[in-house]
Every structure is written in structure tokens, then in C-alpha cells.
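Working notes, beginning with the structure itself.
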Amino acid sequence: MPEPVNYQVNAARKTFQTLHQISKLLNTNLDAATLSICVRLCENGVNPHALASVVKELQREVNAMHNAQTDSGTSKTSLTK
């Protein structure tokens, strides 16, 4: 007999919440939306190791861009003083 839809939804929600907590404990810096996208990609056949490499590289790039913006903002501020 098929399980009620509400039970399946609640079970999926609880599983995802647990996965998100594990993600936080591992300091992945992934928000719930990004983690959800990663899970769906893996469910659709994307290699998890390749996905992890791409995510790490994107995080490095974002940090580098943020640091560059912060440094240029600091330089402009020090020049105007």
C-alpha cells in the first residue's frame, strides 16, 4: 500500500534537515538552497566528487573577489585621507 503523501513529504523534509545539519557541522558554507541544488544534481547523476571540486573552486573565487573588493575599498579610503 503506498505511503500517504504527507508522510513522504515530512520524511523528505526531515532527511534534508539532517543533511543540512551535517553540512553545517562540516563547515561547507552551503546554505539550504545551494545544498538542495547539489543534492538534486547528485540524484540526477552528477559525480559527487566533481561537484565538490567545482563548489570548492567557486567558493575560492568568490572569496578572492570579495578580498579584492575589500582591498580596493581600503586602498581608496586610505588615498582620500
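Since every read-out is calculated from the coordinates, none of them should be taken as a lab result. None of the values given here were measured: they were computed from a predicted structure. Please note: Cβ atoms are built from the backbone with ideal geometry, for glycine as well, and neighbour counts cover all protein chains shown.
Some notes on this structure:
- For the chain, with +1 on Lys and Arg beta carbons and -1 on Asp and Glu, the positive-most of VAL39, VAL54, GLN21 along the dipole: GLN21
- Helix 5-25 vs. the chain, principal-axis angle (Cα, 0 to 90°, nearest 10): 40 degrees
- More than 14 Å apart - percent of Cα-Cα pairs taken over segment 1-46: 58 percent
- At an R0 of 25 angstrom, the distance between the Cβ atoms of GLN59 and ASN10 translates into a FRET efficiency of 0.20.
- Angle between the chain longest axis and helix 48-80 axis [Cα atoms, degrees, rounded to 10]: 30 degrees
- Based on the Stokes-Einstein relation at 10 °C and a viscosity of 1.306 mPa s, and on the Kirkwood radius from alpha carbon pairs, the chain is assigned a translational diffusion coefficient of 101 µm²/s.
- Using alpha-carbon coordinates, inclination of helix 32-43 to the longest axis of the chain, degrees: 60 degrees
- Only Lys, Arg (+1) and Asp, Glu (-1) charged, at Cβ; the chain dipole about Cα centre in debye: 240 debye
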